[in-house]
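A.B. asks: Before anything else, here's the structure in question.
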Amino acid sequence: MLAATLLLLVPLSVYGAVRLAMAAMGPPPLAAAAQVSVTVVDRDGDLLRAFTTAQGRWRLPVEPADVDQRYLAMLIAFEDRRFRSHGGIDPLAVARAGYQLVRHGRIISGASTLTMQVARLLEGEHDRTLAGKWRQAVRALQLEERLQKNEILGLYLRLAPFGGNLEGARAASLAYFGKEPRRLSIGESALLVALPQSPELRRPDRFPEAARRARDRVLARATAAGVITSAEAERGRGEAVPHVRREFPKLAPHLSESEVLLRPLQSVHRLTLSRELQGQLETLAREHARALGRQLSASVLVVDNGSGEVLAHVGSSDYLDEARLGAIDMVGATRSPGSTLKPVIYGLAFEAGLAHPETLIEDRPARFGLYAPRNFDEEFRGSVTIREALAHSLNIPAVKALNAVGPARLVSRFRRAGVSPALPGDEEPTLAIALGGIGLSLRDLAGLYAALARGGEAIEPWHRRGTDERAAALRSGPPKRLLSPAAAWYVGDILKDAPPPAGAAGGRFAYKTGTSYGYRDAWAIGYDGRHTVAVWVGRADGASTPALTGRVAAAPLLFDAFRRLGPERASLRQAPAGVLRVSGAQLPPPLKRFAEPGEDRLAPGPYLDPPVLIAFPPDRSELELEAGDDLLLLKADGGVLPLTWMVDGMPIASAPHRREAAWQPEGRGFVKLTVTDANGRVDRVTVRLR
């Protein structure tokens with residue numbers, strides 16, 4: 001009876017002592033495990049950049065699902081083969097260790113479970129005394145009550161020491177093998193199992209032979225436990241042990257650091273970048289800039305046309321190169337865009353019915369008030385088509401087109417597409433915009449050209465993956481437009497045939513180059529059916545570099561960047577409805593030759609004046625308007641100046657020496673437009689505004 005009572009009292013006493021100890025110790029210090037290295041990862045979860053903890057340790061977030069499952073099987077087989085079934089303490093292991101201690105007079109094997117090891121790591125102390133073991137056991141029981149097995153395993157994977165300032169399996173895998181732990185080999189898995197037992201004495205970068213012996217013991221134990229086969233163990237023993245510790249990835253340093261500064265409380269920053277493409281383009285930009293000159297830098301931005309996601313963000317050619325001011329992120333720097341805006345200018349002219357790619361325009365000396373633009377090569381080509389003028393980036397035709405469209409209309413369209421250009425001293429927009437007299441960033445230009453690739457529909461380049469604010473932005477209101485689908489197609493049809501740089505094959509994507517005033521910035525932006533790539537080359541301090549041009553300095557980098565996207569190019573969009581695919585001779589009379597302001601080229605004499613005709617908008621056409629749309633440009637041909645314009649019988653303001661009038665629609669529906677020339681001749685059209 002007494003023996004039975006004692007047998008009952010002993011476990012009850014132990015249980016009571018454990019409960020008292022648990023209450024006295026308080027909850028386990030799980031907050032310490034939450035302190036991890038801030039990481040920046042790509043679209044697939046691969047590491048782009050990591051930062052040490054406040055204590056200077058590499059402790060990267062990792063879960064059991066993030067590591068090779070054979071590694072987990074080997075870890076449990078070697079450290080705690082009844083981990084899934086015990087409650088924190090393994091009674092069989094305790095009994096075995098006690099028996100061996102009594103029999104041999106010394107410790108032969110321990111009884112520490114993985115849960116007890118996690119308890120020790122949370123406490124930060126490695127007390128080998130009986131009191132220390134008791135404390136670990138109590139903490140292990142607390143952990144088992146509060147957490148699931150996989151959560152406990154996750155704590156071990158995050159906190160286990162691997163030598164130096166490396167903590168956790170992910171940090172160790174990256175430092176010793178240069179890869180994420182989900183792709184471990186058998187030998188690598190065994191080495192990671194072995195290291196936490198004696199992390200400093202088995203460090204492979206300092207004691208490779210000790211590391212090899214420990215690894216081989218793990219392989220033998222795993223084979224005996226049936227976790228791996230003998231053949232797999234043999235292959236694992238044949239693997240070389242790493243002799244050096246690798247640096248952690250430092251990809252996309254500009255974007256990574258800015259994201260961490262903007263969201264300092266966030267531990268994992270998920271970006272839309274592609275790690276592989278980012279690495280390739282960083283190397284490409286570094287090599288390209290070094291070949292051009294000592295102080296020159298280069299930036300590259302790649303955007304997915306369908307989603308607007310940024311796939312690569314190269315802020316400079318070398319982040320650590322002080323001579324090139326590599327720490328400055330040139331993707332967001334405001335600079336003069338040179339001639340890169342000409343496609344949008346001509347696109348607005350196409351959209352307004354002022355021109356067609358085959359329309360003839362004069363490339364001759366011209367003056368606009370005090371402004372007298374000149375071509376880059378100081379030559380004039382006479383009558384050229386707008387296709388030729390844009391393909392060869394002629395300056396004077398572009399200024400003429402902007403003069404007809406209106407600089408304010410161009411800037412308004414930029415803003416409607418989500419791009420806010422910087423004007424000198426907040427002045428009103430002028431014709432100098434056509435040649436770069438405005439401030440834009442590489443990101444702005446990538447967004448504008450992505451809109452061209454999308455048939456004129458604007459989308460903001462975006463680099464944060466899976467965020468609510470992005471989804472909200474896409475849901476807010478109707479799509480914004482840079483150009484109409486037909487105008488965007490005309491532009492792409494011209495740019496796809498732009499002359500390629502020396503040694504490159506053209507016609508595979510649409511692109512445009514630009515050079516800012518004083519040879520300070522060289523640009524090249526291109527797009528195919530899937531991607532838009534924007535390139536900048538220059539000095540980050542804005543200093544001039546003689547002979548620095550977009551065609552020579554930036555275009556080769558653009559073509560090389562497109563090659564990194566793969567050998568196949570996605571086709572540009574098919575021609576939408578409303579596109580006029582004819583030769584210049586087949587164009588309607590108003591579109592055969594570009595009409596410059598004040599020019600009365602269709603009036604052959606006082607008795608043979610042609611009748612006045614409304615050239616745009618056409619009769620019975622439908623025009624799509626959006627909220628906040630800017631002015632609608634009305635255009636007439638023929639007749640004798642001045643012209644009088646009316647909308648539904650009410651006159652609107654118009655310049656007496658021009659055949660165009662700007663009208664602000666007040667709503668949607670059918671309207672009747674009327675124009676009357678100086679001789680009283682009239683033309684009328686009815687259009688529908690949607």
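The values are calculated or read from the model by the stated rules, or taken from the named source; none is laboratory data. Keep in mind that this is a model prediction, so the values were computed, not measured. Cβ atoms come from the backbone with ideal geometry, glycine included; neighbour counts cover every protein chain shown.
A.B. asks: Suppose we filter the stretch 276-311 for residues that are surrounded by 22 or more Cβ atoms within 10 Å (Cβ to Cβ), without any contact (Cβ under 8 Å) to a residue 40 or more places away in the chain and not in a helix (DSSP H, G or I); how many remain?
C.D. replies: 0
A.B. asks: Same structure again: Being more than 24 Å from the chain's Cα centre (by Cα) and among the acidic types (Asp, Glu) is the filter here, so list the residues in the stretch 325-372 that pass it.
C.D. replies: Passing the criteria: Glu351, Glu358, Glu362, Asp363.
A.B. asks: Moving on to the next point. What's the total number of residues in the stretch 558-578 that are closer than 15 Å to Leu495 by Cβ and basic (Lys, Arg)? Quick ask: steps written out before the conclusion?
C.D. replies: Of the stretch 558-578, the ones closer than 15 Å to Leu495 by Cβ are 558-559, 562, 569, 571-573, 575.
After this cut, where a residue has to be basic (Lys, Arg) as well, the list is 569, 573.
Final tally of qualifying residues: 2.
A.B. asks: Would it be correct to say that Ser230 is without any contact (Cβ under 8 Å) to a residue 24 or more places away in the chain, hydroxyl-bearing (Ser, Thr, Tyr) and under 15 Å from Met74 (Cβ atoms)? Spell out the reasoning first.
C.D. replies: Values: without any contact (Cβ under 8 Å) to a residue 24 or more places away in the chain: yes; hydroxyl-bearing (Ser, Thr, Tyr): yes; under 15 Å from Met74 (Cβ atoms): yes.
So Ser230 passes the test.
A quick yes/no check of all residues on (1) farther than 30 Å from Ala543 by Cα; (2) outside the structural domain of Gln69 (by TED's automatic domain parsing); (3) at pLDDT below 95; (4) among the small types (Gly, Ala, Ser):
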position: Ala211; (1), (2), (3), (4): yes, no, no, yes
position: Ser256; (1), (2), (3), (4): no, yes, no, yes
position: Glu259; (1), (2), (3), (4): no, yes, no, no
position: Gln278; (1), (2), (3), (4): no, yes, no, no
position: Leu281; (1), (2), (3), (4): no, yes, no, no
position: Arg286; (1), (2), (3), (4): no, yes, no, no
position: Val300; (1), (2), (3), (4): no, yes, no, no
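A.B. asks: Taking the stretch 650-685, which residues are of a type in the set (A, V, I, L, M) and farther than 15 Å from Ile614 by Cβ? Explain how you work it out, then say what you get.
C.D. replies: To start, the set of residues in the stretch 650-685 that are of a type in the set (A, V, I, L, M) comprises 650, 652-653, 655, 661-662, 671, 673, 675, 678, 682, 685.
Correct list: Met650, Ala653, Ala655, Ala678.
A.B. asks: Kindly indicate which of Ser185, Ser189, Ser173 is over 25 Å from Thr115 (Cα atoms), among the small types (Gly, Ala, Ser) and modelled with pLDDT of 95 or more. I'd like the intermediate steps shown before the answer.
C.D. replies: Values: Ser189 fails: over 25 Å from Thr115 (Cα atoms); Ser173 fails: over 25 Å from Thr115 (Cα atoms).
Residue meeting the stated conditions: Ser185.
A.B. asks: Condition first: part of a loop (DSSP other than H, G, I, E, B) and crowded, with 24+ Cβ neighbours inside 10 Å. Now tell me which residues in the stretch 313-330 satisfy that. Give the steps one after another, and end with the answer.
C.D. replies: Taking the stretch 313-330 first, the residues part of a loop (DSSP other than H, G, I, E, B) are 315-330.
Across the stretch 313-330, the qualifying residues are Gly315, Ser316, Ser317, Arg324, Met330.
A.B. asks: Please enumerate the residues belonging to the stretch 666-681 that are surrounded by fewer than 14 Cβ atoms within 10 Å (Cβ to Cβ) and either under 21 Å from Gly639 (Cα atoms) or of a type in the set (A, V, I, L, M, F, W, C) (or both). Show your work before the answer.
C.D. replies: Taking the stretch 666-681 as the starting set, the residues that turn out to be surrounded by fewer than 14 Cβ atoms within 10 Å (Cβ to Cβ) are 666-670, 672, 679-680.
Passing the criteria: Phe670, Lys672, Asn679, Gly680.
A.B. asks: Ok, one more. Condition (residue is at pLDDT 90 or above, surrounded by 13 or more Cβ atoms within 10 Å (Cβ to Cβ) and over 30 Å from Val268 (Cβ atoms)) applied to the stretch 86-107: is it met by at least one residue? Break it down stepwise before answering.
C.D. replies: To start, the set of residues in the stretch 86-107 that are at pLDDT 90 or above comprises none.
No - not one qualifying residue is present in the stretch 86-107.
A.B. asks: Return the residues of the stretch 618-647 that are modelled with pLDDT of 85 or more and not hydrophobic (A, V, I, L, M, F, W, C); say none if nothing qualifies.
C.D. replies: Lys635, Pro642, Thr644 - these are the residues of the stretch 618-647 that are modelled with pLDDT of 85 or more and not hydrophobic (A, V, I, L, M, F, W, C).
A.B. asks: From Val331, Val344, Val310, which residue is within 21 Å of Ser420 (Cβ to Cβ) and touching a Pro at 6+ places or on another chain (Cβ under 7 Å)? I'd like the intermediate steps shown before the answer.
C.D. replies: Values: Val331 fails: touching a Pro at 6+ places or on another chain (Cβ under 7 Å); Val344 fails: touching a Pro at 6+ places or on another chain (Cβ under 7 Å).
Just one listed residue meets the conditions, Val310.
A.B. asks: Only residues that are aliphatic (A, V, I, L, M) and either surrounded by fewer than 15 Cβ atoms within 10 Å (Cβ to Cβ) or closer than 30 Å to Val303 by Cβ (or both): list them for the stretch 43-66, please.
C.D. replies: Leu47, Leu48, Ala50, Ala54, Leu60, Ala65, listed by residue number.
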